[in-house]
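The values are calculated or read from the model by the stated rules, or taken from the named source; none is laboratory data. Model, not experiment: these values are computed from the prediction. Positions of Cβ are generated from backbone atoms using ideal geometry, with glycine treated the same way; all protein chains shown enter the neighbour counts.
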């Protein structure tokens with residue numbers, strides 16, 4: 001079943017965060033994930049969003065997403081974001097897809 005990693009980020013040090021942002025997309029791709037939301041314009045339609053940004057990547061399965069999250073490559077990259085902001089990360093399973101007839 002498809003799974004998604006959803007990140008809510010409030011970046012306080014964009015220059016330092018840039019080092020992390022340069023290396024992680026390749027790690028995501030090498031582990032079978034793809035970005036669905038990364039950067040781009042965001043417009044709050046309701047409620048207060050403050051300075052947070054959303055990032056979302058899709059994975060073929062929760063197992064593959066977890067393999068990425070716990071990989072040696074990501075463990076090496078993760079310290080690059082330390083001290084750059086506040087992050088909340090969630091892994092969620094998607095809907096079971098059935099073809100339309």
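Quick notes on this one:
- The requirement of being farther than 21 Å from residue 95 by Cα and loosely packed, with under 12 Cβ neighbours inside 10 Å is not satisfied by residue 8.
- Subset of the stretch 62-83 [under 15 Å from the mean Cα position of the chain (by Cα) and within 19 Å of residue 95 (Cα to Cα)]: 62, 64, 65, 66
- For the stretch 19-31, the tally of residues that are surrounded by 15 or more Cβ atoms within 10 Å (Cβ to Cβ) and under 28 Å from residue 96 (Cβ atoms) stands at 3.
- Counting only residues that are over 24 Å from residue 63 (Cα atoms) and without any contact (Cβ under 8 Å) to a residue 40 or more places away in the chain, the stretch 15-41 holds 6 of them.
- Screening residue 16 with (1) closer than 23 Å to residue 94 by Cα; (2) modelled with pLDDT of 95 or more; (3) surrounded by 13 or more Cβ atoms within 10 Å (Cβ to Cβ) gives one miss only, at (1).
- From the list 53, 58, the one residue that fits, being surrounded by 14 or more Cβ atoms within 10 Å (Cβ to Cβ), at pLDDT below 95 and either touching a strand residue (DSSP E or B) at 6+ places or on another chain (Cβ under 6 Å) or within 23 Å of residue 84 (Cα to Cα) (or both), is 53.
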